[in-house]
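Working notes, beginning with the structure itself.
The values are calculated or read from the model by the stated rules, or taken from the named source; none is laboratory data. It should be emphasised that the depicted structure is a prediction, and the values quoted were computed from it without experimental measurement. All Cβ positions, glycine included, derive from the backbone under ideal geometry; neighbour counts span all protein chains shown. Note: areas computed on protein heavy atoms with side chains; ligands, DNA, RNA excluded. Shrake-Rupley method; radii C 1.70, N 1.55, O 1.52, S 1.80 Å.
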Amino acid sequence: MGENGFWAHPLVETAGYFSVVVLCLIVSMVIFELVTKYKNWEEIKKGNLSVAMATGGKIFGVTNIFRYSIEQHNSMVEMVGWGIFGFTLLIFAYILFEFLTPKFKVDEEIEKDNRSVGFISLIISVGLSFVIGASIS
């Protein structure tokens with residue numbers, strides 16, 4: 001293998017992208033934990049399905065955005081940069097969802113295990129991840 005042969009090997013490249021995206025996912029989950037008023041993992045442990053749906057939507061959303069970023073960008077730095085930008089848009093969408101529902105507080109309803117709100121939160125995260133992902137090319 002040449003000088004870049006090892007790093008250009010598909011298995012090594014895949015492992016690299018996977019590792020970086022998992023790290024970005026962990027960081028994004030920490031950020032979402034700070035943004036939401038409830039403790040995601042404590043609520044999930046208690047069996048709060050609404051929190052599980054909302055958190056699952058966020059996980060899917062973030063990884064889907066990075067999927068698009070991997071497909072569209074040739075370097076790890078570009079992929080991470082665009083992925084972080086897409087994640088920032090997803091956080092903005094979450095805040096906007098809270099703002100656009102003045103009749104109730106999204107976080108409070110999800111914490112109370114309102115499954116309708118948890119499900120809509122999941123769908124917003126998943127749906128917007130496709131739009132954001134397609135836009136970051």
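Laid out as a table, the results:
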item: Pairs where the first residue, in region 46-66, is open to solvent by 10 Å² or more (accessible area, probe 1.4 Å) and the second is of a type in the set (Lys, Arg) and assigned to a helix (DSSP H, G or I), C-beta under 9 Å, 6+ apart; result: Leu49/Arg115; Met53/Arg115
item: Ile132 within 15 Å of Phe32 (Cα to Cα) and either touching a Phe, Trp or Tyr at 6+ places or on another chain (Cβ under 9 Å) or loosely packed, with under 14 Cβ neighbours inside 10 Å (or both); result: no
item: Residues of region 92-129 classified as over 12 Å from Gly57 (Cα atoms), of a type in the set (A, V, I, L, M) and surrounded by fewer than 16 Cβ atoms within 10 Å (Cβ to Cβ), total; result: 3
item: Failed condition for Asn74, given (1) closer than 20 Å to Ala134 by Cα; (2) surrounded by 11 or more Cβ atoms within 10 Å (Cβ to Cβ); result: (2)
